[in-house]
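The values are calculated or read from the model by the stated rules, or taken from the named source; none is laboratory data. Keep in mind that what you see is a predicted model, and the values were worked out from it rather than measured. Ideal geometry is used to build each Cβ from the backbone, glycine not excepted, and the neighbour counts take in all protein chains shown. Surface areas here come from the heavy atoms of the whole protein model, side chains and all, with no ligands, DNA or RNA. Shrake-Rupley method; radii C 1.70, N 1.55, O 1.52, S 1.80 Å.
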Amino acid sequence: MEYFSGVLVFITLFLLNPVVSEATCGFKACPNTKLNMINVHLVPHSHDDVGWLKTVDQYYYGSQNSIQHAGVQYILDTVVEELLKDSKRRFIQVETFFFSKWYSEQTEAVQRAVQKLVSEGRLEFAGGAWSMNDEATVHYQSVIDQFKLGLKYLKDTFGDCGRPTVGWQIDPFGHSREMASIFAQMGYNGQFFARMDYLDKLQRLIDQEMEMIWQSSEYLKNSNIFTGMLYNHYSAPPGFCFDINCQDAPIIDGESYDNNVDKRVSDFIDYVKTMAESYRSTHIMVPMGDDFQYEDAGVNFKNMDKLIKYVNDRQLAGSQVNVFYSTPSCYLYELHQLHQTWPNKTEDFFPYSSDSHSYWTGYFTSRPTQKRFHRDGNHFFQTVKQLSVLANLTDTQHLENLESLSQAMGIMQHHDAVTGTEKQAVARDYDRMLFKAIVGAENNARDALRSLTNLTSGEFESCLELNISVCAFTQNTANNVVVTLVNPLAHSSTQYVRVPVKNEKYIVTDEKGREIPSEVIPVPWEVLALEHRSNGTQHELVFKASVEKIANFLIRVLPTPKNIEENHRDFLEEKVQNGDDELIVENSLVKLSFDTTTGGLKTIEMNGIAETIQQSFEIYKGFRGNNDEAKNRSSGAYVFRPDGDIEVLNNNKVELTFYNGTRVKEVHQHVNEWISQVIRIYDEVNHVEFEWLVGPIPVDDEVGKEIITRFSSNIASKGKFYTDSNGREMLERKRNQRENFDPNMSEGISGNYYPVTGQISLQDDVKRITLLNDRAQGGASLKDGELELMLHRRLLSDDAFGVGEALNETQYGTGLIARGKIYLILDAASEKPNHAERLLQHELDQHFWRFFSKSNSVPSVNKHMIPDFTAFPKSVELLSFEQYSNDQILIRVENLNTEGNVVSFNMQPLFESLNGDRIWETTLDGNMQLSDMKRFKFSQDGSGVIPSSVEYYYAPHNPMSSDSTMSAHEFVVTLIPMQIRTFIIQRK
Ligand SMILES: *[C@@H]1O[C@H](CO)[C@@H](O)[C@H](O)[C@H]1NC(C)=O
Ligand SMILES: *[C@@H]1O[C@H](CO)[C@@H](O)[C@H](O)[C@H]1NC(C)=O
Ligand SMILES: [Zn+2]
C-alpha cells in the first residue's frame, strides 16, 4: 500500500517538471557555502557490494533477505522518487553495474526523470566503474577495462553530466598507488576512501593529515592526486543513521514529549566541531549512508531535511555550523578554491590493519584458483577483443558476447570477488558467470579465426584445463590437430607451446610445411592422479613457436611401428642415483644444481651470476581464537594470523625425477602427499619455471593451514624488497617499516606481507633475485635474502569481519587443489626496477592463446587482415586493442621501459592498415578527449608560495588529433618510461 501511494506522488511530480532543463550539472550545481563557518557537506550514498554474502542478483532483487537485508532495485526506486521531491537533495551513485541494470528496467518516463536529475547535478556519479574494484589483488589492465566499461555506459546514457570526477573507493581493504595513478590518468580531481592502518589514521587525525596529495607515479608527469580519508568509516555520524536498517531515533520536531530537536542538533554540532579539528579547512564532508542503505529513502531524506533545517536555524543563535546536501565533487571543488597546502604521500596504503592483531593480508591469497581464473579471463578477453577487431565482428550477437565477458570481468574486480572474501555460494556464482561469459566469447574467437585463416570451418576450441594437461580436443588423438596460436602482444614472440597428448611420436609442421622440432614429455604422476582428471593424455608435446599475430601448426602422429619405444629415447628419464650427491640440470643459459640427499634446489647460475638458492614449502598454522575480541581473532578470508612457529615441509627427502629433454629439462619433485612441483628450464629461455601443485590441504588435526613457498639466498638485502603495484610500477618495501608512521608489529609475519600481482624481488649491490607469479598472492621478505609467496590457504574459523564462514574451499568432496607457476630470474643488481623483468611479466600474462581444430593440412593466415604493428619500438606494448563502437577502435599503448628512455614511433602505418579516417587521443579510460582534461591541482606542503589563483593539470602533452589527409609527422607518438596513451581511431 505504502509503495503504491509513493508511485503516485512520483508520477505527479514528474508531470510537473517534464522538461529536461539545460545541463547545470557539475560545479554550477554545487550548494552555496558560508564564509567563516564550518561548512558540512552531507553526502547521501549507499554502499552496494556487487556480491558478498549474497550473489549480485540476490542483492539486486532483494532476495535471500534472511542472509542480509538488501535490495538494490528498491534503493534506486526510492532514491529517485525522493530526489524529485526537492531540488536541494543529492545522492551519489557508485556501482555502474547495478545502476545500468536498474535503468534498463525503467519506463521512459522514469528514465527521463533520471536524465533530469543527472543533468541538474542532483544525482551524481562517483567512482563510476562497473564495480568498486579491489586495489590489492587486481591487475591494472582489468581495472582500466572496467572503468572504460562503466564510464562509457554513463557517457552513452547521460553525456558529459554522467562522467564522475572523483574516485569513491570507500571499502577496499587498503589502497594502491597504481589505483591513484589510474584516477589521475583518467582526469579525476581526487579520490576518497575509508580504510587505512588504524595507527596511520590515528596519527593523521592528530596531525591534520587526513587529506593529502598523493604522488601516484614515479614516472608520470602530473600524477599528483588529492586523496581524502573519511572520518568515521563511510557511515553517518553515530546516532544519525536514519535508515530503516538502523535503530537511531528520527528527528522528532512536533509537539511531543519526545521532541529531541535541541539534543540532536547539539550532538550533531559537537560531532562536526570535533571532526573539523582533524581537517585543515572550513569544509568537512560527512557521508550519510552505509551498506545497502536507502531502501526506503524517504525515511533517510525526511530526517536529513530536518537535521539540515534545525542545525542551520541555530545560526540565528550564533552557531558557526552550516550544513547542506552536497556531493564529494562539490566538497572537493570548495577545497580547491582555498589557498592552502596539503601533505605529501608517495608510497601506498598496504598492508591494512584494523587493530593490533588484524592484518588484512590473508585476502592477498584467499581463493587462489578463483584469483587465477579471473586472470585467465583477462587473458582470453584481451585475445578475443583483438581477434574481433581484426575480423571486424560487429554484428549484434558478437557484440553481446563480448559485452557479457567485459561485464563479467568488471564484476570480478569487485572488492569481495577477486579478493576471495565472499561466501562460498557467491564464489561459485562468480565462477558460473565468468565461465558462461568465456564460453560465449569463444564463439567470437572461432568466428574471427574462421575469417582470419583459410580454415573456414575450423573448430578453434579453447581448452580451459591446459594447466592440468587436459584438453578434450586431443583426448583421443592429436593426429591432424591444428594448433592456432594467437599472440596478444604487439611484437612477434617466440615461446614454447605445450599440448596434452598420448605417448606417441609426432611431427609438427608450420604454415610453410617445415617441420618444427618437438618432443614429448610425461606429465607428473601427481597430476595424473588427480581423481577428477580424465586420463586420456598423460604426456605433453612441446615445441617452440614464433608468432607475429596468428600462426598455425599441424600436429600429426608419425605412423612408426613401435613408436612408443622410440619415443622414449626422446627424453632421458634419469632416476637420480642415491650415490650422487648432486644433480646438475643445465642448458645454454641456466644451470641448476640439486642436493640429491634432500631433493632440494641448491644453486642457480644465469646471467653470469651464481647464487645459493634453496626453496622450501612451509606451513603457517592458523591461530585458533574464538573471535570474541580482537586479540583472539583467527586467520580467515581477510586476515592472516599465523600461530607460533612455521613448519618446514621438505626437510625430509623430496623424491626427484629428472627428464632430460633436448629443449626442455624438468625436475619433478614429490614433496609430500599433497605438495609436488615441476622445476623446468627451456632451451634459450632466461628464467626458471616452478609449477607447484598444492592440496588438498589436510585439516584432520583441526588446524587451519596456510602454505607458502620460500626462496632463500645469501643476498644481503638489508631489510628491503620490492613488490609491484597492481602489476605495473614497483614499490620499495622495508621490513617492519612504513612511510608515515610506526606500525604495530605484534603480528610480525602478517604485518610484513604485501600484495604481489606480478613480481617480488630483492637485491644487494651485486645480485638480484626476482619472482614473477601468475595470479595475485601475498608475499614477503621476512629475512634478508629470502622471498616467500603464499600459495594456498585452508582455514577452519571465520575471522569475524562479516563473511561468517571459514575459508575452507572444497571441490570433488575434498579440500581444493590449486596449481600455478612462479618464474625466477637471477640477475645483476640494477638501480631501477628492471626493464627485462617488466617485459617478461607482460609476455607471461599475455602468452599465446592456444586454439584447437581438426585438419589434415596446415591452414594459412589471411595476412592482409592483420594490421601493421611493426613500427612499435621494442619496449612499447599493446595494452588494449578493441572495438570501441561499430566504426571506432580503441588502442592503448604502454611503454614498459623503466630505464629513462623516451621512445617515439609513428602510428600512421597502423592507422592506415585499419583504414582510419581520424584519430584522437583520450584519457586512460577512452571516453573523454584528452584535450578536454582539466584536473584540480593542489599545492603541497613545503613546495613554496601558494599561487594566488586556482590551478589545474591539463593533458601532460599535446594530444594527438589527426586525420587521413595529414602528413606522417602528425602521427608520431612519444612515450616517456611507463607512460600509457589511449587513442580512438575512427574508421572510414
Ligand atoms: C565492418 O563491418 C561493418 C558491418 O558489416 C561494415 O559496415 C564495415 O565497413 C566493416 N569495416 C571494415 C573495416 O571492414
Ligand atoms: C612535497 O613534495 C613537493 C614536490 O616534490 C616538494 O617540493 C615538497 O618539499 C614536499 N613537501 C614536504 C613537506 O616534504
Ligand atoms: Zn564493500
Inset, instruction - Describe numerically, in nm with one decimal, the distance between label points set 7 Å from Cα along Cα→Cβ at residue 456 and at residue 266. - result: 8.7 nm
Legend entry - FRET E, pair residue 614, residue 943, Förster distance 56 Å, beta-carbon r, rounded to 0.05: 0.70
Legend entry - Taking all pairs of distinct alpha-carbon atoms in the stretch 742-858, Kirkwood radius in angstrom: 17.7 Å
Inset, instruction - Report in % the part of the accessible area of the stretch 2-359 that belongs to carbon and sulfur, leaving out ligands and nucleic acids; probe 1.4 Å. - result: 52 percent
Inset, instruction - Determine the relative contact order of the stretch 596-688: mean sequence separation of Cα pairs under 8 Å and six or more apart, normalised by residue count, in whole percent. - result: 21 percent
Legend entry - Pair-distance profile P(r), taking every C-alpha pair of the stretch 680-783, with 5 angstrom steps and integer %: 2, 10, 18, 20, 20, 15, 8, 5, 2, 0
Legend entry - the stretch 876-987 - percent of accessible surface contributed by carbon and sulfur, probe 1.4 Å: 45 percent
Legend entry - the chain, helix-only ellipticity at 222 nm - DSSP H runs n ≥ 4, -39,500 (n - 2.57), divided by all residues, nearest 500: -7500 deg cm²/dmol
Inset, instruction - Among DSSP beta bridges whose residues both lie in the chain, state the antiparallel percentage, nearest 5. - result: 85 percent
Inset, instruction - Quick one: pull the percent of accessible area on the stretch 729-809 belonging to carbon and sulfur, 1.4 Å probe, ligands and nucleic acids left out. - result: 40 percent
Legend entry - ³J(HN,Hα), Karplus 6.51/-1.76/1.60, whole Hz, each residue of the stretch 973-985, x for Gly, Pro: 10, 10, 10, 7, x, 6, 7, 10, 10, 10, 10, 10, 9
Legend entry - Qualifying lysines (Cα of each under 17 Å from Cα of residue 863; at least 8 residues distant if same chain): 512, 549
Inset, instruction - Taking the chain as the reference, fit the longest principal axis to its C-alpha atoms, fit the long axis of helix 140-158 to the helix C-alpha atoms, and give the angle between the two in degrees, 0 to 90, nearest 10. - result: 40 degrees
Inset, instruction - Return the lysines within reach of residue 502: Cα separation strictly under 16 angstrom, same-chain partners fewer than 8 residues apart disregarded; answer none if there are no such residues. - result: 562
Legend entry - Packing rank of 809-816, 786-793, 313-320, where each peptide gets the mean count of other beta carbons within 10 Å, highest leading: 786-793, 809-816, 313-320
Legend entry - Solvent-accessible area per residue for the chain (1.4 angstrom probe, square angstrom): 36 Å²
Legend entry - Cut-off 17 Å (backbone N to label point 7 Å along Cα→Cβ of residue 686), residues of the stretch 836-861: 836-844
Legend entry - Pairwise FRET efficiency - residue 742 versus residue 339, Cβ, R0 = 35 Å, nearest 0.05: 0.60
Inset, instruction - Just name one of 824, 803, 778: the one whose Cα is farthest towards the positive end of the charge dipole of the stretch 727-830 (beta-carbon charges, Lys/Arg +1, Asp/Glu -1). - result: 824
Inset, instruction - Please compute the Cα-Cα pair-distance distribution of the stretch 2-359 with 10 Å bins starting at 0, giving whole percents from short to long. - result: 5, 24, 35, 26, 9, 1, 0
Inset, instruction - Go through 972-985, 413-426 and give me the packing order, highest mean Cβ count within 10 Å leading. - result: 413-426, 972-985
Inset, instruction - Subtract the Cα-Cα distance of residue 782 and residue 57 from 0.36 nm times their separation in residues, and report this length gain in nm to one decimal. - result: 256.8 nm
Legend entry - Förster radius 45 Å - calculated FRET efficiency between residue 653 and residue 198 (Cβ-Cβ, nearest 0.05): 0.45
Inset, instruction - Could you name the lysines whose alpha carbon sits less than 17 Å from that of residue 152, not counting residues in the same chain fewer than 8 places away? - result: 101, 385
Inset, instruction - For the chain, just list the percent of Cα-Cα distances falling in each 20 Å bin from zero outward, please. - result: 13, 44, 34, 9, 1, 0
Inset, instruction - Alpha carbons only, please: Rg and Dmax for the stretch 836-988, in angstrom. - result: 19.2, 75
Inset, instruction - Filter the cross-link list 34/85; 734/832; 116/155; 155/988; 201/345; 116/302 down to pairs whose alpha-carbon distance in this structure exceeds 18 Å. - result: 34/85; 155/988; 116/302
